[in-house]
Amino acid sequence: MSEPRILLGCVEQAVTGGLDPLVPPISVSRNGTLAKWRDKIQLLDLRVNDPGLARFRPAFEETIEKARTLGLETILTLPEYNPEFLEPPPPKPEDPKPAKAARPAKESKEAREARHAREREAAIEARKLRPYGKPVPVVPVVWFKPCYLAVPRTLPEPDTFQTLTVDDCTPIIDLAGRFGLRHVVVPVSEPGLFLDPAAVDELRTKVKALAALAKAANVRLHLRTGGLSLEVFKRLQREIGGCGLAFNAGTADLERLNLADTYTAFRDHIEIVYLHQVLPGIDKWKGRREAIAAGIKQYRQALAEFKAAGPAAAERRGKGTPLGALLRAWHAYQDACKNPNAHLGLFQNGEINLRPLLRCIKEDLDAGHERLIVLETVPNMKNAEVLERHLVPEAFTGSL
């Protein structure tokens, strides 16, 4: 029997402009450089949030090269978000310091009190020039628009999603082939958002075309769970063949699947497993996405009104001003983007019992199969220690 091979990895999805669609970010580059993690992981899940590699190709190529230099294997994940960059609110100006009046050698009490009154009035006037609200850093306002190969026609606001074309994905598969990468992951949908029959047919047509491209590039496609009906996967596997199932335990838990039973039923097709902690239900997951879409819509409107008001609008503060409305929209959008629960450490709060699933994975490792484990969490070493305790066989001589 061959020695088991397990690769432990983290997510890198902050390449597109140095920003991350999750708050707090789970990308290793947003929690420390790749070099910092080189002795702790062997795998990088590079989320290519750039349809068609139209804007950030050099950055992705550089990341793959860096991972190779560090001895990390790279998985490419097709776009799930397409970042759109908007102009930020104007920066908060420095408080102008009033010029100090020259003081006589001796100052009378009345003169001193008059000078203090003038200085207080000058300070009040200076504060009136400051924008309303908290300080705003001068960084782009980014909306990570969800994008998939097929989108349900039943969505109430379908324009909040982007439908990818085969041409959007072809350069990414070509990139994987050119660098000799083995795996490309296809996000199908988000948790609980299952495709209707028309969207399934669209997905089938596109995946079939991408599978042919992947085969020519010596790359294997893996359809990722999350909005993916297992019956749809079975159908695609029968018709196309060769497609793997990238099993996301967190989204499977949100969709009320039994993790161990589902993994066991599809273990012959699963090489890649995603592990993360999920606390909110589907309603909170969808609520966050809807709040983000509503927030960016409000920010766009406030930004347009602020710019239409002209340069002088930057100096007028208050709730009834264009600047005040813009800053309130900015803060509301930042609050909507916060994601405090879904990507915590693996065993925080005990929401998901991963041990039965880990036992199944260990059985496959003991049988000599390879498994690629991606931690879709804020990177920390406690996660790796837990997995080492539950997955690594006593006779294992490799590294985790």
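Since every read-out is calculated from the coordinates, none of them should be taken as a lab result. Every value quoted in this text rests on a predicted model; they were computed, and no experiment measured them. Backbone-built Cβ (ideal geometry, glycine too); neighbour counts: all protein chains shown.
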Given the Cα-Cα distance of LYS319 and GLU87 and 0.36 nm per residue of separation, how much length would full extension add, in nm?
81.5 nm
With charges set only on the Cβ (+1 for Lys and Arg, -1 for Asp and Glu), what does the dipole of the range 154-254 come to about its Cα centre, in debye to the nearest 20?
700
5 angstrom amide H check on TYR274, placed H, neighbours 5+ away:
PHE247, ASN248, ALA249, VAL374
For ASN82, what residues show an amide H to amide H distance below 5 Å, using hydrogens built from the backbone and excluding near sequence neighbours?
LYS145, CYS147
HN-Hα J couplings of the range 364-380 from phi, Karplus 6.51/-1.76/1.60, θ = phi - 60°, integer Hz, Gly and Pro as x?
5, 5, 5, 7, x, 7, 8, 9, 9, 9, 10, 8, 9, 9, 4, x, 7
Rg and Dmax of the range 298-338, Cα atoms only, in Å
10.2, 32
For the range 171-324, treating each Cα as an identical point scatterer without solvent, what Debye log10 I(q)/I(0) comes out at q = 0.16 1/Å?
-0.91
Stokes-Einstein at 4 °C, 1.567 mPa s, Kirkwood radius from Cα pairs: D for the range 147-252 in µm² s⁻¹?
92
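Only loop residues by DSSP count here, and only those with at most 16 other Cβ atoms within 10 Å; note down the trypsin sites (Lys or Arg not before Pro) in the range 290-324 that meet that. Write down the numbers at each step before the final one.
Details: sites: LYS297, ARG300, LYS307, ARG316, ARG317, LYS319; in loops: ARG316, ARG317, LYS319.
Within the range 290-324, the qualifying trypsin sites (Lys or Arg not before Pro) (loop, at most 16 other Cβ atoms within 10 Å) are ARG316, LYS319.
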From the backbone phi of the range 36-43, what are the Karplus-calculated ³J(HN,Hα) couplings (6.51 cos²θ - 1.76 cosθ + 1.60, θ = phi - 60°) in whole Hz, Gly and Pro given as x?
5, 9, 4, 8, 10, 10, 10, 9
Using θ = phi - 60° and the Karplus curve 6.51 cos²θ - 1.76 cosθ + 1.60, what whole-Hz ³J(HN,Hα) does each residue of the range 197-209 get, with Gly and Pro shown as x?
x, 5, 5, 4, 4, 5, 4, 4, 4, 6, 5, 4, 5
Of the candidates LEU203, PHE233, ALA217, the farthest towards the positive dipole end of the range 168-240 (Lys/Arg Cβ +1, Asp/Glu Cβ -1, centred on the Cα centre) is ALA217
Collect residues whose amide H, placed 1.01 Å from N in the peptide plane, falls under 5 Å from the amide H of GLY244; neighbours closer than 5 in sequence don't count.
LEU221, HIS222, LEU223
Which residue, ALA304, GLY287, HIS269, has the largest displacement toward the positive end of the dipole of the range 253-318 when charges sit on each Cβ (Lys, Arg +1; Asp, Glu -1)?
ALA304
Just in the range 197-279: which trypsin sites (Lys or Arg not before Pro) are loop by DSSP and have at most 16 other Cβ atoms within 10 Å?
ARG256
How many percent of the alpha carbon pairs in the range 249-361 exceed a separation of 24 Å?
49
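Past the 32 Å Cα-Cα mark, which pairs from LYS286/LYS382; LYS234/LYS338; LYS286/LYS319?
Values: LYS286/LYS382 29 Å; LYS234/LYS338 36 Å; LYS286/LYS319 30 Å.
Long pairs (Cα-Cα over 32 Å): LYS234/LYS338.
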